[in-house]
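The values are calculated or read from the model by the stated rules, or taken from the named source; none is laboratory data. Note that this is a predicted model, so its numbers are computed, not measured. Neighbour counts are summed over all protein chains in view; Cβ atoms, including those assigned to glycine, are modelled from backbone coordinates with ideal geometry.
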Amino acid sequence: MQLKDKLPLFYRETETALEATERYIEKSLVSEHDIINEAALYLLKSGGKRIRPGLLLLAGHCGEYDEEKLIPFAAAIEIIHMASLVHDDIVDQAPLRRGNPTIVAKWGLDAALYTGNFMLAKAIELAASYGDKTIVDIAYFTAAAMCRGEFAQMKTINAPDFRTDTYLIRVKRKTAYLLSAACEMGAYLCKTETKTLTALKQFGEYLGMAFQITDDILDYRANNENFGKTAGNDISEGLATLPLIYAWQDKSNRALIEKVFAKDEKTKGEIDAVIRAVIASGGDKQAAKIAKRYIAKAKKSLSPVADPRTKACFNEIADFIVTRNI
């Protein structure tokens, strides 16, 4: 909950329910296998913004709010996210996550794979517990889309696709659909009227697009102390994101970018050279403009939300997304 000072309205509205959700997640991730228990609890306690379960809880305020009903699904949404982080770190073999050693680094690839799979299965089980096909369909569609997005991303490593439309489709699947699902589930569970539910679902998708684009920009501007990540990590992995795509569109950068991305192992000097090219060409600023456009669309989609306090919370999150050191 380290963002209370930056998102005071959001956390004031959701704090009690988020604390209950945290306890529910911890209880839900108990397994008969000690390593899975340790690894899952370790990831849960490593922190996080809890934006996704918070969105689900906020969306519930747009209908007949029922905290007891919402908490298992807020937990399911966050557990899907947690599973995706574990699977990300397996693919990347990343040593750090939020400034701490990853499950891969602490327990190895096999333990990380089983932990991520266990989390995903548990999330689907929680979604199914309500006995409503619509909720199961949302959870299944979202989890499957995330896998498709991650697989599409994996195929582009060191063989980048510099088309912006391909990048945006990938982002929608791997990030935006989960935030959209959080809003949709919360609204649906609390019997929000159809017009508002549709608007919240769209809000979540636009927010997710901006969230991932902003995250990709931070890879070129990141302060390791503040963000627990090293600038240039995407370049090191051979991953072309929107700032790099825009820089590549400047023909003067193509030779450098293509040369560096053709290599499996990249030196710090090569990574720094690409970062400088992206910043000098304004690739990060162009990407930031796209993120801000998505945020503007997200805010506009909130027009059917009647309660001013709830709308203010959603707007606060939207504003925060594009001001993270940009």
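Picking from residues in the range 291-303 that are surrounded by fewer than 17 Cβ atoms within 10 Å (Cβ to Cβ) and of a type outside the set (Lys, Arg), the one that is farthest from residue 232 (Cα to Cα) is 303. Remark: pairs (first residue in the range 80-98, at positive phi and of a type in the set (D, E, K, R); second residue modelled with pLDDT of 85 or more and surrounded by fewer than 20 Cβ atoms within 10 Å (Cβ to Cβ); Cβ separation under 7 Å; 6+ apart in sequence or on different chains) = 98/46. Yes or no: the range 206-223 includes at least one residue that is farther than 29 Å from residue 279 by Cα and at pLDDT below 95. Among the residues of the range 206-223, not one is farther than 29 Å from residue 279 by Cα and at pLDDT below 95, which makes the answer no. Among the residues of the range 134-177, those that are surrounded by fewer than 16 Cβ atoms within 10 Å (Cβ to Cβ), part of a helix (DSSP H, G or I) and either touching a strand residue (DSSP E or B) at 6+ places or on another chain (Cβ under 6 Å) or of a type in the set (A, V, I, L, M) (or both) comprise 136, 144, 154, 169.
Does the range 297-322 hold any residues that are aliphatic (A, V, I, L, M) and over 22 Å from the mean Cα position of the chain (by Cα), and which are they? Explain how you work it out, then say what you get.
Here is the first cut: in the range 297-322, the residues aliphatic (A, V, I, L, M) are 298, 302, 305-306, 312, 317-318, 321-322.
Correct list: 305, 306.
Which residue is nearest to residue 264 (Cα to Cα), if the candidates are limited to the range 56-101 and must be small (Gly, Ala, Ser) and not in a helix (DSSP H, G or I)? If we take residues in the range 56-101 being small (Gly, Ala, Ser) and not in a helix (DSSP H, G or I), then 94 is nearest to residue 264 (Cα to Cα). Residues in the range 115-133 that are crowded, with 18+ Cβ neighbours inside 10 Å and not aliphatic (A, V, I, L, M): 115, 116, 118, 122.
Looking across the range 276-316, the residues that are over 15 Å from residue 59 (Cβ atoms) and of a type in the set (D, E, K, R) come down to 276, 284, 285, 289, 292, 293, 297, 299, 300.
What tally of residues in the range 42-76 results from selecting those that are free of Cβ contacts under 8 Å to residues at least 40 places away in the same chain and touching a Leu at 6+ places or on another chain (Cβ under 8 Å)? Residues that pass the stated criteria total 1.
In the range 42-52, the residue that is surrounded by the fewest Cβ atoms within 10 Å (Cβ to Cβ) out of those that are outside any loop (DSSP other than H, G, I, E, B) and under 12 Å from the mean Cα position of the chain (by Cα) is 51.
Kindly establish whether residue 262 is out of contact with any helix residue (DSSP H, G or I) (no Cβ under 7 Å at 6 or more places or on another chain), of a type in the set (A, V, I, L, M, F, W, C), surrounded by fewer than 14 Cβ atoms within 10 Å (Cβ to Cβ) and free of Cβ contacts under 8 Å to residues at least 12 places away in the same chain. Answer is no for this residue.
Here residue 155 fulfils each of the conditions (1) farther than 30 Å from residue 247 by Cα; (2) in contact with an Asp or Glu (Cβ under 9 Å, 6 or more places away or on another chain); (3) without any contact (Cβ under 8 Å) to a residue 24 or more places away in the chain; (4) not hydrophobic (A, V, I, L, M, F, W, C) apart from (1). Total residues in the range 55-103 satisfying the condition of being among the basic types (Lys, Arg) and modelled with pLDDT under 95: the figure is 2. Which ones in the range 16-37 are outside any loop (DSSP other than H, G, I, E, B), at pLDDT below 95 and not hydrophobic (A, V, I, L, M, F, W, C)? If the condition is that a residue be outside any loop (DSSP other than H, G, I, E, B), at pLDDT below 95 and not hydrophobic (A, V, I, L, M, F, W, C), then 34, 37 are the ones that fit. Sub-6 Å Cβ pairs linking a first residue in the range 14-41 that is within 18 Å of residue 120 (Cβ to Cβ) and free of Cβ contacts under 8 Å to residues at least 24 places away in the same chain to a second residue that is surrounded by fewer than 21 Cβ atoms within 10 Å (Cβ to Cβ) and not hydrophobic (A, V, I, L, M, F, W, C), at least 6 apart or interchain, are 37/31, ordered by first then second residue.
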